[in-house]
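Taking it in order: structure first as structure tokens, then the write-up.
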Amino acid sequence: MRNTVILLFVFLVGLNYAEAQTLKGVVVDANSKEKESEIPFANVYWLGTSIGTVANGQGEFEITREGITEKKLIVSAVGFIPDTIQIEYKQTEVRIELKNNTTDIEGVTIQGKRSATNISTLESRNVQYISSDGIKRLACCSLAESFENNAAIDVGYTDAVSGAKQIQMLGLAGVYTQILVDNQPSIRILSSMYGLNYVPGPWLNGISISKGTASVYQGYESITGQINIDVKKPENSEKLYFEYFTNDYLKQEANLITSFKINDKLHSIVLLHGATVKQKVDRNNDSFLDVPLSDLVIASNRYFYNNNEKVRSRFGVDVIYEDRIGGQNDFDKDQDLGTTNSYGAVINTKRIQLFENTGFSVNPCKNSSIGINANFVYHEHNSQFGLRQYNATQKSAYLTALLNTDIFNDKQKLSSGLNFNYDHLKEYVIDTNLKKEEIVTGIFTEYIFNDKNKWSAIAGLRVDYNSIYGTYFTPRFNAKYTPVANSAIRVSAGRGLRSANIIPEHISLMASSRILVYSEDFDIEDAWNYGVSYTQKFFFKDDKSITVNIDFYRTAFNNKIVVDLEQSTGQAYFYNLDGKSYSNSFQTDVIIKPFKAFDVTLAYRFNDAKTTINNELQTNPLVARHKALMAMHYSTRYEKWNFSFTTQYHGQTKLPNTEDNPPEYRLTENSPDYFILHAQITLKFKKTEFYLGVENITNYKQKNPILAYDDPFGDYFDSSIVYAPIIGRQFNFGFRLKIK
């Protein structure tokens, strides 16, 4: 095995040196502050020759250097100032930054298209980007459906009654992954229950997935990684976008997006989403709805102000309202709620969020700027699961002030600032009133080094005072080295902390008969994450390419709130960690583009996650040790027809102990492994698109996802042990209208 690995590494390096007679690079917008800054279709040629090329839709290019004596590269693009770049003798890759041309060219629009999935070799952190095109390759109703073509993120139901979904990353629950919307902390506390359903897929411009330790800028909550959701903006959105979606159980969904110019400095975008499920579906004949009935409305109005690049501001408001009803088929909300006539789950959500992000240019010569980032959230949740009631209200405020500047030279940057975070949570759980008020104030600084050739590093430190838990130091470090062209070796290490909110993060237990037992006062959750990764890209003629990524991450907890379902099938115990808790995660990805318009993604992931539960180190329940994925996509000429196919393999998971139950209500120790297959066909015209898809083609379903479904008010009822799909095969249809 060792010799094989050595030979593989020698082969990869050798292949790069075989390509040494070519120069590879990327052309980016020097003035852009957005992640998606590549300049598509830039012209690149050698000074004094006719040898040249055109960058692809991602700003990437490859050009021969054979016979070139004066190694000066001319780079130009419409709307940008041309530049001449001196290339060193042994240089094999280059990053070229072009500045915007201040002269407006009316009527000319340059558009580029990012790869559906891209693993960056430029970032110091291990970042994978899913573009809007990648999201659309399977019918995507919400953020919860956006990760089907990605092996790093698992998405599953929390229970078989409410329809709530959760993610897993690096073998741990999604609450350990910080989820941002436009770089602001978003899905947390009460929205952690159903928040994945509250980000509509058609609103997304892209998703960035960063594994391991994240920036200290957004606080100390990130432990396993960070997901940043990039919502559409006026500058990259159509003037009018409309999408309609339905499926074979008649879910109806519509999205309307319109962007418009108010004046030369102010633009706005309005995003509307509506979804409803009215048809009762019970395909496994257990008398419970497979999908809850629901009505959901989401609206957002966002404004973008730009005053000659001196002041840039994004601000707006998001509003959410939802009703959902799950439970038994014959449940009637008006007659049966709060009785034992029939089991029902009734959930109502109201949420409003105000947000702003403003940047001020202070000294352009040193790239100095000041940023103010703030939001306010009011979230009201009312629910009843059978005879159990859970009502909660959250008020949260977030404020960050940030100073960015170059130090010494443009290879070294410093970011420093302060955070303020306020959370007020009132809960009524069954028959108990709870109240939590938490204030966190912190200061942070982050040093960034990038020699723009081989080395880059980010070292950050923050100090926070938590009004409940005291003072904490959070150091984080990321570094990248480029040994050969188009490669990246990365290491990362850092600390993460979070304040647990038991019921919102384990809402599935409300849909069971388990008694919740709090054994002690909870300490803050505290963990260290360490990671190493290697990414290598190979570029060939005619847009052919191969990307290989291998990474390993370990998360080790100093303290964790343990959810103990092993002591008894009738109780759920919560207590601070007494012993070890860790998660090791290994993953490898290969993205192949063998010819134009066809790409294949292959991935494999292994998780080893264990926690000391009831004084014994045990495998974490409902975490698959093995997962494999293959996703293929083909487009005909001009992308008229698009064909997508995805297959996933999910390995066995350990199931919670049910030995104390009567024989008819017991589960095996481990779940079976299974395959899931999805496919979609999309037909594109100039302004419209039509798509037809099938999810879960083989119709695989978990058997008996609800224990004791025939006695929902009894001692053994439990709908929280879900490891596989519930609904089975699903046919989807939709169309999109786009007016530029």
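Numbers for the structure displayed
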item: Percentage of interatomic Cα-Cα distances in the stretch 398-449 larger than 13 Å; result: 69
item: Compactness of the stretch 117-739, expressed as Rg and Dmax over alpha-carbon positions, Å; result: 24.0, 74
item: Neighbour cut-off at most 12 other Cβ (10 Å), DSSP loop, trypsin sites (Lys or Arg not before Pro), the stretch 239-323; result: 278, 310
item: Rel. contact order, % - alpha carbon contacts under 8 angstrom, at least six apart, the stretch 446-572; result: 20
item: Packing-based exposure ordering (other Cβ within 10 Å, fewest first) of 630, 169; result: 630, 169
item: Using θ = phi - 60° and Karplus 6.51 cos²θ - 1.76 cosθ + 1.60, couplings along the stretch 690-699 (whole Hz; Gly, Pro as x); result: 10, 9, 9, x, 10, 9, 6, 4, 7, 6
item: Ranked 626, 381, criterion: other C-beta atoms within 10 Å, fewest first; result: 626, 381
item: Relative contact order for the stretch 117-739, counting Cα pairs under 8 Å that sit 6 or more residues apart, in percent; result: 12
item: Of every Cα-Cα pair in the stretch 550-623, the percent that sits beyond 21 Å; result: 45
item: Taking the stretch 148-258 and dividing mean pair separation by its residue count, relative contact order in percent (alpha carbons under 8 Å, at least six apart); result: 22
item: Under the Karplus curve 6.51 cos²θ - 1.76 cosθ + 1.60, θ = phi - 60°, whole-Hz ³J(HN,Hα) for the stretch 599-613, x wherever Gly or Pro sits; result: 9, 10, 10, 10, 8, 9, 9, 10, 10, 10, 10, 9, 9, 6, 10
item: Prolate/oblate/rounded label for the stretch 288-335 (Cα gyration tensor, a/c 1.5); result: prolate
item: Global geometry of the stretch 267-400, whether rounded, prolate or oblate, following the gyration tensor of its Cα atoms and the 1.5 cut on a/c; result: prolate
item: The stretch 616-714 - Kirkwood radius from inverse mean 1/r over Cα pairs (Å); result: 17.0
item: Degrees separating the helix 2-18 axis from the principal Cα axis of the chain, which is the longest one; result: 40
item: Under 5 Å, built H, 5+ apart or other chain: amide partners of residue 80; result: 101
item: Ranked packing of 612-621, 149-158, most packed first, by mean Cβ within 10 Å; result: 149-158, 612-621
item: Cα-centred dipole magnitude for the chain, charges only on beta-carbon of K, R (+1) and D, E (-1), debye, nearest 20; result: 2620
item: Pairs from 165/211; 452/687; 136/454; 596/738; 71/411; 537/640 whose Cα-Cα separation, in the structure shown, is over 31 Å; result: 452/687; 136/454
item: Backbone HN-Hα couplings from phi across the stretch 118-125 [Karplus 6.51/-1.76/1.60, Hz, Gly and Pro as x]; result: 9, 9, 6, 10, 9, 6, 6, 9
item: Overall form of the stretch 213-330 per C-alpha gyration tensor (a/c, 1.5; a/b vs b/c); result: oblate
item: Segment residue 401-residue 84, length gained on full extension (0.36 nm per residue, minus Cα span); result: 110.4 nm
item: Amide H within-cut-off set for residue 290, under 5 Å, with H built and near neighbours excluded; result: 281, 282, 283
item: Separation in nanometres of the label points that stand 7 Å from Cα toward Cβ, at residue 643 and residue 602; result: 2.0
item: Residue order, fewest to most beta carbons within 10 Å, for 646, 340; result: 340, 646
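Readers should treat all values here as calculations from the given coordinates under stated rules, not as data from a laboratory. Just so it is clear, the model here is predicted, and its values are computed rather than measured. Positions of Cβ are backbone-derived with ideal geometry, glycine not excepted, and every protein chain shown enters the neighbour counts.
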